[in-house]
Every structure is written in structure tokens, then in C-alpha cells.
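**Q** Here it is, the structure in full.
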Amino acid sequence: MRPFDYAAPRTVEEALAQHADGAAYLAGGTSLVDLMKLDVARPHRVVDVNSLPLHGVTTDERGLHLSALERLGDLARHPAVADGHPVLRQALLASASPQLRNMATIGGNLLQRTRCGYFRDTAAACNKREPGSGCAARTGDNRGHAVLGAGPSCVATHPSDPAVALSALDALLELHGADGVREVPLNSFYRLPGETPQTETVLRPGELITRVTVPPLPGADRSVYVKVRDRRSYEFALVSAAVAVDLHDGEVRGVRIALGGVAPRPWRAHAAEQALTGREFTRANALEAAAAAADGAEPLSGNAFKIELVRRTVGHALTRLGGR
Amino acid sequence: MTDSTAPRPPTGDHQVPLELQVNGRTARLSADIRTTLLDALRDGLGLTGSKKGCDRGQCGACTVHVDGRRVLSCLTLAVGAQGKQVTTIEGVAEGDRLSPVQQAFLDHDGFQCGFCTPGQIMSAICAIRDGDTGSDAAVREAMSGNICRCGAYEGILRAVRSAAERTARQEGTG
Ligand SMILES: Cc1cc2nc3c(=O)[nH]c(=O)nc-3n(C[C@H](O)[C@H](O)[C@H](O)COP(=O)(O)OP(=O)(O)OC[C@H]3O[C@@H](n4cnc5c(N)ncnc54)[C@H](O)[C@@H]3O)c2cc1C
């Protein structure tokens with residue numbers, strides 16, 4: 001790990017002032033400290049945000065508000081999360097381990113870096129870590145990599161589970177920067193790699209995530225998170241699906257399907273959503289819609305299995321919600 | 001440290017004074033700013049019970065309690081742990097009397113080589129307190145962040161369940 005200056009501001013304004021080129025915010029540290037040890041992250045200054053007043057969970061007419069420093073474990077146990085948002089609670093509980101959930105914040109979780117082994121290995125070519133150096137995963141071990149939304153420059157996936165649930169719930173992110181406060185939908189927050197895989201979000205330099213808002217959404221209470229992985233617990237997703245269905249008299253008025261483990265960002269399966277909207281919520285219709293969940297997918301040498309796994313995971317999630 | 005000009009890579013001496021609250025005592029030491037809580041405990045304070053397994057937050061051998069919650073000391077910067085109550089495996093017994101969870105690990109052979117055991121025990125104490133140990137499946141899930149390379153999981157499972165049941169009985173009888 002390289003040396004750094006350390007600052008622990010107490011207000012958002014101070015934090016923004018102390019952030020500068022080459023600085024990094026530190027929340028739970030479970031992604032940043034790890035990457036600093038690997039020499040992948042090399043901040044000159046660490047701005048520890050843990051003393052900022054960004055705690056608490058509230059609800060009002062705009063929805064459920066999660067302050068950025070809330071820990072995943074606390075959110076999973078919070079009655080306002082459990083009540084009415086099963087998909088979010090399940091995604092939180094499927095993330096990492098109890099120890100990590102006590103440390104990891106919701107803000108940091110959305111900004112954690114990919115677990116691609118080549119990104120984490122400074123000896124390997126990686127356009128995300130070292131723009132222009134190439135992508136070792138394209139021809140290397142890419143079993144865990146993306147089948148949707150990737151490009152020639154990068155095939156890494158976004159590893160977060162909560163982000164997938166929040167994508168299905170159409171969550172909004174409150175961002176604080178030098179120019180003031182703005183709100184960005186999570187579904188427009190993440191960028192696809194294109195030619196600049198090092199830039200993963202629309203977050204401006206120094207901008208802080210201060211809050212995540214889950215708006216009131218018909219169907220949020222009929223929702224589920226299904227995570228498929230190599231072992232039952234404490235493992236990142238091969239494929240995951242966050243699904244919420246708004247049912248009215250047996251007919252699907254609206255459905256939201258987000259995928260994890262398959263793309264550089266949480267991936268909304270719009271074709272599958274459209275295929276089910278306005279139809280009767282039967283098992284046959286659910287499976288027909290699920291068959292469209294991987295539309296547009298392009299496999300790499302080692303991960304074609306993910307395409308069928310996406311369809312089956314979405315089909316499983318829909319039938320768990322009652323499509324029979 | 002608080003100016004807002006763009007920082008250059010710091011050079012020279014990175015030693016900082018640290019004040020940590022560990023097992024009910026105040027400990028002062030001088031350490032490099034990069035020091036993790038795990039290294040501060042082991043190398044700075046000689047508390048070598050917390051183990052360095054992977055040093056990447058994956059194995060759980062470094063599990064300690066910070067303000068009563070189980071966390072990974074290898075991904076915690078020592079500088080950020082100041083002002084918080086840190087408890088390590090060295091702080092859970094009362095004198096010579098082992099804590100019920102320690103005793104249960106002995107009684108049920110909850111280990112082979114013992115390297116992961118301090119982390120397992122620190123983790124189990126919280127899992128039991130949080131009520132996440134009501135069934136074999138619940139224990140497996142609640143303890144999934146602690147890897148045992150010897151594969152002593154069956155013994156660990158029995159130890160945690162037995163300690164949980166004992167705790168429940170004691171609480172039930174007041
Ligand atoms: C072994 C292991 C297994 C894991 N398994 C899973 C899993 O199954 N599912 C899953 O979802 N995650 C998993 N994780 C990842 C973990 O959940 C994330 O590392 C964690 O959520 C990141 O949050 P943090 O608060 O620790 O972030 P930090 O490490 O503190 O920060 C991460 C990044 O976000 C920036 N940042 C943090 N907070 C803010 C803010 N408020 N505003 C702006 N920038 C900010 C930091 O500068 C840094 O770049 C795992 C991690 C490990 C080590």
C-alpha cells in the first residue's frame with residue numbers, strides 16, 4: 001500500500017473541500033482498502049467519511065430514504081426495508097458475509113469495483129485499471145464475466161447485489177458535489193464501458209452519494225431476489241435476478257426485471273418485461289417472458305452457460321412470485 | 001492535512017500517534033498511517049490471537065468486535081478505529097474462566113489446527129447474540145464468513161449450536 005494523507009471531515013461541505021485530484025473517500029473500506037493493498041487503488045489522500053451525518057432510514061411520501069453510510073446489515077434488519085421491499089432485503093442478506101455487512105455501506109456498495117481477477121492483478125492487461133493496456137479477460141478466464149453490455153475494451157461485471165434490487169425498484173441517488181445537490185436515477189447512474197471502461201458512473205470528481213431513495217412503486221411488495229452462485233453463501237453472483245410484479249386481478253400491470261452478474265451494471269431486461277406486461281400471470285406466460293431475458297447477449301469463450309442461466313433464473317423468480 | 005490544494009503523494013515519515021481502546025484498556029502506539037487494525041493489534045500491541053489468513057477480507061480469521069459488532073480487522077484502518085471499543089479473542093474470557101463459546105469449541109472439537117478459531121469464536125459470539133443460530137442451516141449461514149481450511153465445520157456447527165442453546169437456557173431461567 002502506498003502512503004496517503006488522511007482526513008476525517010465532520011460535514012459534507014468539509015468532505016467536498018478536502019477531496020481533490022487523486023483523493024478517495026473511505027466508507028466501510030471493504031472495497032477501497034482491499035484494492036489499496038493490491039496496489040490497484042493508489043489514493044494520495046484518504047477522506048474518511050464515517051463521521052459525516054449520513055445515517056438513518058426514513059420514509060415519507062417520496063418513498064424510503066437510505067442514508068449513504070447505513071451498513072448493509074443494518075438495512076437488512078430495518079423494518080422499513082423488510083416491510084414492502086422483500087427484493088431489497090433479500091439482496092442485502094445475500095451480499096458478502098455478516099462481518100462485511102457490518103462494515104459495508106450502501107453508498108460504497110454501489111461504487112465497489114469489479115471483482116475481475118485481471119483488474120485486481122497489476123501484472124495483467126486491463127483497460128479499466130490501466131487505460132490502453134488491453135483486456136486479458138477477453139481471451140483469458142472469463143467464466144464469471146459479462147454477456148450483456150460489454151465491449152471490446154472491457155468485459156467485467158458489476159459485483160453488487162443491492163444495486164440489482166435497487167435497479168428493479170427504480171431507486172434514485174442523491175449526489176452532493178461542489179455545484180450543489182442533484183438526483184440521478186440509479187438506472188442512468190452506471191455507464192457502459194465503451195472506450196472508457198475506467199469511468200464507471202456519471203459521478204463527477206469529488207461528488208458524494210449522500211442518500212438512496214426507493215420511490216413508492218406498485219408491486220414492490222411482490223418482489224424477490226434470486227442469486228445463483230458457485231456455493232450457497234458468501235460468494236458473488238454468477239447470475240442474479242431482482243423481480244417485482246404489479247398484479248391486478250391476475251393480470252400483470254407492470255413488471256420490473258433486473259439482472260446481476262452478467263453486465264457491467266445492473267441490467268434491466270426490458271424485452272422480458274414487455275413480454276409479460278398486460279398478460280395473465282400464468283406459469284406459461286412467465287416462462288415465455290423469461291426466455292427473452294437474455295436478449296442481445298453475446299457469450300465469451302467461457303461463459304455461454306450464463307445465457308441459459310439468466311432465462312432460468314428469471315423464470316424461477318417469476319414462478320416464485322406466483323406465476324402458475 | 002485539511003488544506004484543499006491537490007495532494008501530492010506524501011513523502012517522508014508517515015508515522016502517526018494512535019490511541020486505541022482494546023479489551024477495556026487504552027493503548028497508545030505510533031504506527032504508519034497505512035496500518036490496519038489487524039497489524040496494530042498483532043505487531044503494535046502483541047495481541048496475536050487475531051489471525052492474518054488472507055489479509056483480503058475473504059477468510060474471517062481476523063474477525064474482532066468494534067463497538068460490539070463483528071468486523072474484519074484486516075480491512076479496517078487502525079486510524080479509523082480510534083475512539084471505538086475493540087474486543088479481541090484475548091478479551092472474551094473472564095480471567096481463567098473461558099467464555100461459554102470458547103468452552104463449547106473445546107467440548108465439541110470445533111477446530112483442528114486452530115488457526116481460524118479465534119475468528120470463528122468472535123464471529124459466533126455475535127451470531128448467537130443476534131439470534132441467528134436457531135437451526136443448523138441458520139448457523140451455517142451466520143458463520144459463512146469464517147472459512148476453516150481443515151474442514152472442522154461439523155464440530156464448529158455443534159459448538160455454536162450448543163453454546164446458543166446454553167445461552168438461551170440461561171436467559172430463559174433469568
Ligand atoms: C470477500 C468479499 C465478498 C463480497 N461479497 C459481496 C457480495 O456477495 N455482494 C455484494 O454486493 N458485495 C460483496 N462484496 C463487496 C462489498 O459489499 C463492498 O465492498 C462494499 O459494499 C463496499 O462498501 P464500503 O462502504 O466498504 O465501500 P468502500 O470500500 O469504503 O468504498 C468503495 C468505493 O466507493 C467510494 N465511496 C464510498 N462511499 C461513498 C460515498 N458516500 N460517496 C461517494 N463515493 C463513495 C470509495 O471512494 C470507493 O471508491 C464483497 C466483498 C468482499 C471483500
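**Q** What is the number of the single condition among (1) more than 9 Å from chain B (Cβ to nearest Cβ); (2) more than 8 Å from the ligand (Cβ to nearest atom); (3) of a type outside the set (Lys, Arg); (4) open to solvent by 40 Å² or more (accessible area, probe 1.4 Å) that A:His85 does not meet?
**A** If we test A:His85 against (1) more than 9 Å from chain B (Cβ to nearest Cβ); (2) more than 8 Å from the ligand (Cβ to nearest atom); (3) of a type outside the set (Lys, Arg); (4) open to solvent by 40 Å² or more (accessible area, probe 1.4 Å), just (4) comes out false.
**Q** Considering every residue within the stretch A:60-71, establish whether at least one is away from chain B (no Cβ under 12 Å) and over 23 Å from the mean Cα position of the chain (by Cα).
**A** yes
**Q** Further question: Please specify each residue of the stretch A:1-19 satisfying the condition of being in contact with a strand residue (DSSP E or B) (Cβ under 7 Å, 6 or more places away or on another chain) and at the interface with chain B (Cβ under 7 Å from one of its Cβ atoms).
**A** A:Phe4, A:Asp5, A:Tyr6, A:Ala7, A:Gln18
**Q** A:Ala27 passes all but one of (1) within 8 Å of the ligand (Cβ to nearest atom); (2) over 15 Å from A:Thr210 (Cα atoms); which number fails?
**A** With respect to (1) within 8 Å of the ligand (Cβ to nearest atom); (2) over 15 Å from A:Thr210 (Cα atoms), A:Ala27 is out only on (2).
**Q** Does B:Gly57 qualify as being open to solvent by less than 40 Å² (accessible area, probe 1.4 Å) and over 16 Å from the mean Cα position of the chain (by Cα)?
**A** Values: open to solvent by less than 40 Å² (accessible area, probe 1.4 Å): yes; over 16 Å from the mean Cα position of the chain (by Cα): no.
No.
**Q** Of all residues in the stretch A:169-222, how many are among the polar types (S, T, N, Q) and within 21 Å of A:Asp60 (Cα to Cα)?
**A** If we filter the stretch A:169-222 for residues that are among the polar types (S, T, N, Q), which is where we start, we get A:187-188, A:196, A:198-199, A:201, A:210, A:213.
Among the residues that remain, those that are also within 21 Å of A:Asp60 (Cα to Cα) are: A:210, A:213.
Matching residues across the stretch A:169-222 total 2.
**Q** Same structure, new question: Answer with yes or no whether A:Arg42 is more than 20 Å from A:Leu173 (Cα to Cα), more than 21 Å from the chain's Cα centre (by Cα) and not small (Gly, Ala, Ser). Break it down stepwise before answering.
**A** Working: more than 20 Å from A:Leu173 (Cα to Cα): yes; more than 21 Å from the chain's Cα centre (by Cα): yes; not small (Gly, Ala, Ser): yes.
Judged against the criteria, A:Arg42 is a match.
**Q** So which residues in the stretch A:290-322 are aliphatic (A, V, I, L, M), open to solvent by 10 Å² or more (accessible area, probe 1.4 Å) and in contact with a strand residue (DSSP E or B) (Cβ under 6 Å, 6 or more places away or on another chain), if there are any at all? Step through it out loud before you land on a result.
**A** Looking only at the stretch A:290-322, we keep the residues that are aliphatic (A, V, I, L, M), and these are A:290-294, A:297, A:300, A:304, A:307, A:309-310, A:314, A:317-318, A:321.
Now narrow it down to the ones that are open to solvent by 10 Å² or more (accessible area, probe 1.4 Å): A:291-292, A:297, A:300, A:304, A:307, A:309, A:321.
Correct list: A:Leu309, A:Leu321.
**Q** Restricting attention to the stretch A:202-227, report how many residues are outside any loop (DSSP other than H, G, I, E, B) and open to solvent by 20 Å² or more (accessible area, probe 1.4 Å).
**A** Total satisfying the criteria: 2.
**Q** On to the next question. Here's a check for you: in the stretch A:173-232, which residue that is polar (S, T, N, Q) and under 30 Å from A:Arg143 (Cβ atoms) is farthest from the chain's Cα centre (by Cα)?
**A** Going through the qualifying residues, I end up with A:Thr196.
**Q** Only one of A:Ala150, A:Ala104, A:Ala171, A:Ala137 is surrounded by 23 or more Cβ atoms within 10 Å (Cβ to Cβ), away from chain B (no Cβ under 14 Å) and within 16 Å of the ligand (Cβ to nearest atom); which? Steps first, please.
**A** Numbers: A:Ala150 fails: within 16 Å of the ligand (Cβ to nearest atom); A:Ala104 fails: away from chain B (no Cβ under 14 Å); A:Ala137 fails: within 16 Å of the ligand (Cβ to nearest atom).
None of the other options fit; the residue is A:Ala171.
**Q** Let me ask another. Among (1) out of contact with any Pro (no Cβ under 7 Å at 6 or more places or on another chain); (2) closer than 30 Å to A:Ile257 by Cβ; (3) open to solvent by less than 40 Å² (accessible area, probe 1.4 Å), there is one condition A:Leu54 misses while meeting the rest; what is its number?
**A** (2)
**Q** List pairs: first in the stretch B:48-71 and touching a residue at least 24 places away in the same chain (Cβ under 8 Å) and more than 10 Å from chain A (Cβ to nearest Cβ), second acidic (Asp, Glu) and open to solvent by 10 Å² or more (accessible area, probe 1.4 Å), Cβ under 9 Å, 6+ apart or cross-chain?
**A** Matching pairs, first to second residue: B:Gly49/B:Glu90; B:Ser50/B:Glu90.
**Q** Scan the stretch A:221-241 residue by residue and report those that are of a type in the set (S, T, N, Q) and away from chain B (no Cβ under 13 Å).
**A** A:Ser223, A:Ser240
**Q** For the subset of the stretch A:40-53 comprising residues that are out of contact with any Ser or Thr (no Cβ under 7 Å at 6 or more places or on another chain) and more than 10 Å from the ligand (Cβ to nearest atom), which member is farthest from the other protein chains (Cβ to nearest Cβ)?
**A** Only one residue tops the list, namely A:Pro53.
**Q** Restricting to the stretch A:27-39, name every residue that is buried (at least 18 other Cβ atoms within 10 Å of the Cβ) and more than 7 Å from chain B (Cβ to nearest Cβ).
**A** Those that are buried (at least 18 other Cβ atoms within 10 Å of the Cβ) and more than 7 Å from chain B (Cβ to nearest Cβ): A:Ala27, A:Gly28, A:Ser31, A:Leu32, A:Leu35, A:Met36.
**Q** Please list, ordered by residue number, the strands (runs of 3 or more DSSP E) wholly in the stretch A:16-113 having 1 or more residues that are aromatic (Phe, Trp, Tyr). Spell out how you get there, then give the answer.
**A** Numbers: elements: A:23-26, A:45-48, A:57-60, A:63-67.
Correct list: A:23-26.
**Q** Related question: Can you name every residue in the stretch A:228-261 that is at positive phi and open to solvent by less than 50 Å² (accessible area, probe 1.4 Å)?
**A** A:Tyr234, A:Gly250, A:Gly261
The values are calculated or read from the model by the stated rules, or taken from the named source; none is laboratory data. Bear in mind the structure is a predicted one, so any value in this text is a computation, not a measurement. Every residue, glycine among them, receives a Cβ derived from its backbone with ideal geometry; neighbour counts consider all protein chains shown. Ligands, DNA and RNA are excluded from the accessible area calculation, which covers all protein heavy atoms including side chains. Shrake-Rupley method; radii C 1.70, N 1.55, O 1.52, S 1.80 Å.
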